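Accompanying notes for the structure given below.
Just so it is clear, none of the values below were taken in a lab; they were calculated from the coordinates. Here the structure is a predicted model, which is why all the values come from computation and not from measurement. Glycine gets a Cβ as well: all are built from the backbone with ideal geometry, and neighbour counts include every protein chain shown.
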Amino acid sequence: MTNDEALMLEFQRGSRAAFEELYARYCGPLYGFFRRRLENPQRAEDLAQETFLAVIRAAPRYEARSLVRTYLYGIGLKLLAMERRRLARDGVPGEPATEPATGSDPEAAMWVRQAMARLDTSEREILMLREYEQLSYVEIAELLRLPVNTVRSRLFRARTALRNCLDPKGALHNAKETRGADSGTPAAAAEDEACNA
Amino acid sequence: MARQQRRQKMRLAMRKDNHPVEQEEVMAYLDGELPIEEAARAAAHLEACRECQTLAAELKDVSQSLTAWEIEPYDPQVKVDVAAALDERKSTKAISLGNSGNWFAAFLERRWVPFAAIAGAALLVSALVLVPYMSHHAAPQMAISEAQSGADQDRFAVSRHAITAVPSPKGGVVGGVVGRVPDGVPLGMQAQMYQSQAAPPSSFAGTNQGKASAVQRAPMIARTAELTLTTNNFEKARSGIDEVLRRHQGYVGDLNVASPAVGQRRLTATLRVPADQLGSTLAELKTLGRVELESQRGEEITAQFVDLEARLANARTTEKRLTELERQQTGKLSEVLEVETEISRVRGEIESMEAERKLLTTRVDFATITTTLTEEFKAQAQLVPNSLGTRFRNATIDGYQSVVNDVVELLLFLVSYGPSILLWGALIFFPTRFFWRRWKRKTTS
């Protein structure tokens, strides 16, 4: 199996097949990257496409100095920042807090999203890059222009905070039972406040 | 709530206990982000430590929980616009290969060209406007200093003296005028640390390392203050500064004294005192004369320090790994040499960062006070006026110098502003002439 960097260099030389292979490998992860960070699924799809368009445009200038994966997510982060600025300018809320979740356990997913929304922005970004995009500490540090130790500290803080947020409900393993019974009760509200604190 | 408090207590207890592996290292071990040696150490510790096992289980649980947030599947087919962009790229490439004469059009199609053009234009305008402006502002200063030095030599014969701090036999410091410096020697004195009582106590240097870790937690503030005083007894105030420094275990970073034959004496000094004694030192200094200006400033350098520490730790880890690699290296000579070169580079970086850290710590430990002490001006009566001939001669020389200065100023102005005036004149002239003729034609018809 050809590695990403070799594929990118082949694409730079004009191979369409190499690009299609890269596209197949990364369109899903990139869509997930944007989907988890934006409310509008259509915009997530558009931005994933725009990332590849940016790759096509920048291909002549590509240099294999870092991993293609990091390169793609770097473009993704820039597009995401632009999108957030646009949303803020237009007065549209950008946080995916209220939209129904998908997957095998939608309620647990919604609970995770709510817990994630409570985290500090930079810590949440690091946690998501690690957990969902599966980037290494060094790759995250390179992307966010932070020292590796800072990335490690913030990741630890994010995980600890998330653990505190998730666990009072009896963890996600039995989220259904607890949320089904507790949601909307004063006790649940009190726990939410504690988590926020 | 209670559970969270228990957990908080446990975490605190873990910090207090002497765990060989930190909590973050446990997490990094689970993420597969530790080097082999440290991973082995962490694994061994995890086997034995119940608390760390609990932490590891909780961290795994969090990661497991996050998998619940799934995203709907995405169609891996290349979308229309991406395919179109690919086709376009292919055709553009073919055109550029087949028709090299179209390079200018291809150049213009690039996105960055308009931005670069705007930036270039802005740079050109800034250069045209700012350079003459800055040179105009710099020129008078130079002229003033030149005139002053000339006048000093000619008219006032300023005696320039070097001031030094000499430890006295009693252990104190005697500061003052020790001799005339020949022309050409700058007045600026090198930083002279008081050797005896005025020198910072040895404990400062010794405890800097130990302090550094404590300072990391508290905010690190580099404090500076500025004080301008006017006194009617210059000598007393001068020795008062030495006394204050001696009492507060400070030292002189830089000291200049100007003593013109006619006019006020002026002392400019940069004093360094332990940061915790800045307030009391300032209070004592203020008693030496009338306060004209006082200002204080605190610059927080915690983030800078923490970042430096992190970079230093990284560099040390790299050095350690490289040293290990060098020890185990059995490959070619060129590879060994490459590793050695890399080690020396990393060591250089470490030394540079350590020096920077020391500098930051010193900035925090010692506050800087910039003091200006001016003597009150006392005009001296000239009992015997100059003769008429001398006064005529002086007036003639003054007049001549004034004319020469005016001519030089005019030439400098033309050289400085001439190109700008020509450029803007040319830019404004043609549109003005165009509109003027148009208006004139209209009025005549």
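What the table shows:
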read-out: Peptide-level mean, for A:148-160, of C-beta atoms on other protein chains within 10 Å; value: 5
read-out: Fully extended contour minus Cα-Cα distance, from residue B:88 to residue B:387, at 0.36 nm per residue; value: 98.3 nm
read-out: Dipole of region A:1-56, positive end: most advanced residue of A:6, A:40, A:22 [Cβ charges, Cα centre]; value: A:40
read-out: Cross-link partners of residue B:332 among aspartates and glutamates (Cα-Cα below 16 Å; sequence separation of 8 or more within a chain); value: B:340, B:342
read-out: Too-long pairs where the Cα-Cα distance tops 29 Å, listed order kept, from A:78/B:79; B:236/B:358; B:286/B:378; value: B:236/B:358
read-out: For residue B:253, residues with placed amide H under 5 Å, excluding near neighbours; value: B:270, B:271, B:272
read-out: Cβ-based exposure ranking for B:436, B:69, in which fewest neighbours within 10 Å come first; value: B:436, B:69
